[in-house]
1. Cut-off is 10 Å between beta-carbons; in what order do R203, R30, R187 appear when sorted fewest neighbours first?
2. Where does the charge balance sit around A223 when Lys and Arg score +1, Asp and Glu -1, over other residues with C-beta under 11 Å from its C-beta?
3. Net charge within 11 Å of F80 by Cβ-Cβ distance, Lys/Arg positive one each and Asp/Glu negative one each, not counting F80 itself?
4. For Rg and Dmax of the Cα atoms in Å, the choices are (1) 16.7, 51; (2) 31.2, 116; (3) 19.3, 73; which was calculated from the structure?
5. Volume per residue, Å³, of the convex hull around the alpha-carbon atoms of segment 71-132?
6. Counting pairs of alpha carbon atoms under 8 Å apart in space and at least six apart in sequence, what relative contact order in percent does segment 12-235 give?
7. Sort R46, R218 by Cβ crowding within 10 Å, fewest neighbours at the top.
8. Can you give me the three principal axis dimensions of segment 76-217 from its C-alpha atoms, in Å, biggest first?
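Rule-based calculations on the coordinates, nothing more; no lab input. Because the structure is predicted, anything quoted here is derived from the model rather than measured. All Cβ positions, glycine included, derive from the backbone under ideal geometry; neighbour counts span all protein chains shown.
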Amino acid sequence: MAESTRTYPLDRTTLTYAQVAKTIDHSLLRPELTEEDVIAGCALARRYHVASVCVKPCDVPLAIRELTRSDVAVGTVVGFPHGSSTSQTKAFEVRQAIELGATEVDMVINIGWLRSGADDRVLQDIAAVVEAAGGKLVKVILENAYLTDEEKIKGCHLVEAAGADFVKTSTGFAASGATLDDLRLMRQEVSTRMQVKAAGGVRTLDALLDVMDVGVTRVGATATLQILEDFKARCGQEK
């Protein structure tokens, strides 16, 4: 299991390029992206040494090819973006993605089950993905835009109980994404073993630093180039 040893808030005066870059999962999930777009996105991720690319399941082989011998992981999504696939389908998606070379998966919970109070089914759904992942990194998306604070808290507890590594705010495809209030709540409601990922709306360096300050260790981003070039310009640091 992954574990965070970072303390909060961060000392921004000592923050390095690598610490910022390795917080970013470069998102390549928009449905209209061409293969050329994915190749360009992988090249950017390699050049800027981010943590990972997060690609559609069909693009995993392409991303693996483009990122061979790099320090960038290849991740993909499961039950995306609505979380309504059966648990068996989600588990199959995970196993296939890992066979293709992915080392990280971002799954969407069954949002309707969580809102219905079907805690056991939500727990089993997540646990099926964790088991299928076989030790690979599992990040679980709550899709907070549709949840009350009480449902967010319950979701956090179920994600941790199921053995996942991260709890994540959003797919980036709902009406709203990550908020600092939600991130503080999520960080508070899970143990130090768990990590927190922000997604949806983190488009500037200041926004990235703000979420890191409240305990976020990964961010789903499409504005990777602008964020990291801004960091280098402000801090005079190269990769």
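1. Values: R203 15, R30 11, R187 20.
Result, fewest neighbours first: R30, R203, R187.
2. Numbers: positive: R203; negative: E229, D230.
Residues near A223 contribute -1 overall.
3. Numbers: positive: K56, K90; negative: E93, D106, E143.
So the surrounding residues net to -1.
4. The listed entry that was calculated here is (1).
5. Numbers: hull volume 4.6 nm³, N = 62.
Roughly 74 Å³ of hull volume per residue.
6. On the way: 430 pairs, mean separation 37.8, N = 224.
Computed over segment 12-235, the figure is 17 percent.
7. Values: R46 18, R218 29.
Sorted ascending by nearby Cβ count, the order is R46, R218.
8. 38, 34, 29
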